[in-house]
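Report on the structure given below.
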Amino acid sequence: MSDNDRDLEDTPAERQAPHRVIGTPAPAPGILADPERGDGDDGGKGTRPYGPGEAEAPELDELPAENPNPVSARNWERVAAALFIVSALASVAFIAAYVGLEVGGDTKGNVVVATLRSNLALGSAMALAFLAIGIGMVIWVRNIMPPVELAEERHPMASPKEDRQAFAETIIEGAEASQITKRPLLRRTLIAATLPAALAPLVILRDLGPEPKGSLRTTVWKKGTRLLVYGTNQPITPADFDSPGGMITVVPEGYQDNDEALAKATAIIIKMEPGQLQVPTRYDDGADGARTLLNSMNWTVDNIVAYSKICTHLGCPAALYEQTTQRILCPCHQSTFQANTGATVIFGPAPRPLPQLPIATNAQGYLVAQSDFQEPVGPSFWERG
Amino acid sequence: MRWITARRRRPLFGYAAVLLALVAVGMLYAAVTGVGGSTASAGSGSSSAQIAEGKDLFDTSCSSCHGLDAQGSSVAPSLIGAGAAAVDFQVGTGRMPLKEIGAEAAQKPPVFNQQQIYAIAAYVASLGGGPAIPTDQQVSTAGADAGNGQSLFNANCAQCHNYSGAGGALTDGKYAPPLTNATNRQIYEAMLTGPEAMPVFNDETLPSADKRDIIAYITQTRAEANPGGFSLGRIGPTTEGLVAWLGGIGALVLAAMWITAKRREERTGDHG
């Protein structure tokens, strides 16, 4: 049919690839020269475009320009085009949904529902916009482009031997020209110059924030701090909290709105049936021989016991209390603490019991802290010991 | 079996297998999340006739476990001082009379009508006080602050009942039930009396107004629409992750199969 060449201006090229889309790459000679040439087994219909010694781009001649089934290709072209138009409309719908569906303060009705609806509209429109393009592209490749299987050879990972040799020679030449091997003073001082530069980032990193110092070991609870019910911010008396099986979250008075303080200081108090509460006397023998009291029945008031709400595993709020079994569970990793015997760990990954907050009543009868927690609350940290 | 082996290598079989798996997961999910319904009406005043009726009902239906004088037994707690609110909750949600002793008394359609429940409640209350059934005004959410309710709910309830009230698991087979069907009064009574493993939140520590705020949060949250069409149980990352992994990856597998599927024979035959 054709004996065309690399000359792109030739009319035969135009004739043989009349449907080339504007914007696609310029026709390579091999492609346009011989559309019916498949994978080389073309039965001699095509003519080899390159003469001997002109084999610059022989691999290109495997791609025919036309789908062998033009009717089907045209139908699929319409489908793909329709999908692209759908995508464009969906993008317009995305913009319309963003502008049209208000979720701000003056929204009528439920703000949460308005936000959910807006998210749904935005997400659906965007998904449709991208999906339609993607499906259209796949249809294009599968049903419109000529059906050819291409195998592309991988390049070897290593550079050719000559290149590697040349590179090594360049390095050696450069080393000789710079005299770095001959001048040890320069070489050593240069190495010395890089060391402090490498250390500089460490210093900067060290200064990223204040050291925690002792802040991980203490909370804001002090002797006499009243326990306030979280949320209502009311102090409580043992007479108020008199229903066995009761459990409530408490915060230190004066810090009820201080999230940073509450992150460590939040506690729960539990009221038990008479006889249920049997907190053991437990000490921590420090490295220096000092003994710290960690649990005591003297830290409870009228069958009311207070524990840190911060799980000793990873710091989740451990306040899932089963009054029938007196177990405190952490909802994150199911660490289970036995509340009536000092919040000892009976299951799960927590390494230590929940710290007990020593409580008492003050002169007015309100529940107050006897002191801060006697051990650090929450998860382990490096220097905890 | 031979039918399957004969067709296993057909190209459509892959699609069918993935589709079947997706449908199976969906049906399993629907089976797990069933819904029911229960309601309760309000109002009761106790008279000696009502107490007598309650004692009759108690003797026939409750005393085998709780004892003829409601003093309790090895399998059931004493009800002296339990209060009318506890009876209204336990019997009104169908938990009592207990069908079988297990980790958790399951919710089921109530055995008694509301008048009978009030009679039993009046009888139990006459044995020794306890929290009374909350009034309509106490459980009304009119003017309640759902925002404050959310804060209190997150601090005290969400650990067990999940932030949207969908419930959750406890130890040894116990569970915190979903709050989807609970009436305002039942929610109030549960807080007041601490049924089963639930802690007690009495009116002194958690005042009536705050309980109303919590009820407002629960009712408002569960009334929210599911604009996506699926609530996924509202239990958050577990079902969302399951759907994303099974549904999403299933869709990706289908898409990958479609993209890379061999084309029809007549096409390749043309030039081959």
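Key figures
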read-out	value
Positions within region A:134-158 being assigned to a helix (DSSP H, G or I) and among the basic types (K, R), in sequence order	A:R142
Top-ranked residue of region A:293-310 - restricted to ones that are more than 11 Å from chain B (Cβ to nearest Cβ) and assigned to a loop (DSSP other than H, G, I, E, B), ranked as most open to solvent (accessible area, probe 1.4 Å)	A:D302
Positions within region B:112-124 being surrounded by fewer than 24 Cβ atoms within 10 Å (Cβ to Cβ) and either assigned to a helix (DSSP H, G or I) or not assigned by TED's automatic domain parsing to the domain that holds B:K55 (or both), in sequence order	B:Q114, B:Q115, B:Q116
Sole residue being more than 40 Å from the chain's Cα centre (by Cα) and aliphatic (A, V, I, L, M), chosen from A:A158, A:A168	A:A168
Filtered residue count, region B:214-242, keeping only those that are polar (S, T, N, Q), farther than 19 Å from A:A121 by Cβ and either within 12 Å of chain A (Cβ to nearest Cβ) or open to solvent by less than 50 Å² (accessible area, probe 1.4 Å) (or both)	4
Filter pass, A:V229 being within 14 Å of chain B (Cβ to nearest Cβ), in contact with a Leu (Cβ under 9 Å, 6 or more places away or on another chain), without any contact (Cβ under 8 Å) to a residue 24 or more places away in the chain and closer than 25 Å to A:L314 by Cα	yes
Any hit, region B:164-182, residues being in contact with a Leu (Cβ under 7 Å, 6 or more places away or on another chain) and among the charged types (D, E, K, R)	no
Any hit, region B:194-208, residues being crowded, with 23+ Cβ neighbours inside 10 Å, of a type in the set (D, E, K, R) and either under 11 Å from B:G149 (Cα atoms) or under 19 Å from the mean Cα position of the chain (by Cα) (or both)	no
Count - residues of region A:116-156 that are surrounded by 15 or more Cβ atoms within 10 Å (Cβ to Cβ), β-branched (V, I, T) and over 21 Å from B:A251 (Cβ atoms)	1
Residue within region B:145-165 that is under 21 Å from A:C332 (Cβ atoms), facing chain A (nearest Cβ under 7 Å), open to solvent by less than 30 Å² (accessible area, probe 1.4 Å) and part of a loop (DSSP other than H, G, I, E, B) present	no
Checklist (1) at the interface with chain A (Cβ under 9 Å from one of its Cβ atoms); (2) free of Cβ contacts under 8 Å to residues at least 24 places away in the same chain; (3) assigned to a loop (DSSP other than H, G, I, E, B); (4) more than 21 Å from B:Q138 (Cα to Cα) applied to B:P178, failing item	(1)
Any strands (runs of 3 or more DSSP E) falling wholly within region A:216-289 and containing at least 1 residues that are modelled with pLDDT under 90 and in the same structural domain as A:I310 (by TED's automatic domain parsing)	A:282-285
Positions within region A:172-214 being more than 30 Å from A:P376 (Cα to Cα), open to solvent by less than 80 Å² (accessible area, probe 1.4 Å) and in a loop (DSSP other than H, G, I, E, B), in sequence order	A:Q179, A:I180
Residues of region B:182-193 satisfying the condition of being open to solvent by less than 30 Å² (accessible area, probe 1.4 Å), more than 11 Å from chain A (Cβ to nearest Cβ) and closer than 30 Å to A:T237 by Cβ	B:R185, B:Q186, B:I187, B:Y188, B:E189, B:A190
Residue under evaluation A:T361, criteria (1) over 20 Å from A:R217 (Cα atoms); (2) out of contact with any Asp or Glu (no Cβ under 9 Å at 6 or more places or on another chain); (3) not aliphatic (A, V, I, L, M), criterion not met	(2)
Those residues of region A:355-367 which are more than 14 Å from chain B (Cβ to nearest Cβ) and open to solvent by less than 10 Å² (accessible area, probe 1.4 Å), in sequence order	A:P355, A:Q356, A:L357, A:P358, A:I359
Only listed residue being closer than 30 Å to B:T260 by Cα, of a type in the set (A, V, I, L, M, F, W, C), in the same structural domain as A:Y98 (by TED's automatic domain parsing) and touching a residue at least 12 places away in the same chain (Cβ under 8 Å), chosen from A:A114, A:A132	A:A132
Qualifying residue in region A:233-248 (condition: open to solvent by 90 Å² or more (accessible area, probe 1.4 Å), under 44 Å from the mean Cα position of the chain (by Cα) and under 30 Å from B:E196 (Cα atoms))	yes
Test result for A:A263, open to solvent by 60 Å² or more (accessible area, probe 1.4 Å) and within 11 Å of chain B (Cβ to nearest Cβ)	no
Looking only at region A:311-320, and only at residues there that are in contact (Cβ under 8 Å) with a residue 12 or more places away in the chain and within 13 Å of another protein chain (Cβ to nearest Cβ), the one that is most open to solvent (accessible area, probe 1.4 Å)	A:P317
Looking only at region B:254-272, and only at residues there that are at pLDDT 80 or above and open to solvent by 60 Å² or more (accessible area, probe 1.4 Å), the one that is nearest to the other protein chains (Cβ to nearest Cβ)	B:I259
Region A:326-339 - residue that is assigned to a loop (DSSP other than H, G, I, E, B) and either of a type in the set (G, A, S) or open to solvent by 30 Å² or more (accessible area, probe 1.4 Å) (or both) and, of those, nearest to A:A350 (Cα to Cα)	A:S335
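The values are calculated or read from the model by the stated rules, or taken from the named source; none is laboratory data. Small disclaimer: the values here were computed from a predicted structure and weren't measured. Here Cβ is always computed from backbone atoms with ideal geometry, including for glycine, and neighbour counts include all displayed protein chains. For accessibility, only protein heavy atoms count, side chains too; no ligands or nucleic acids. Shrake-Rupley method; radii C 1.70, N 1.55, O 1.52, S 1.80 Å.
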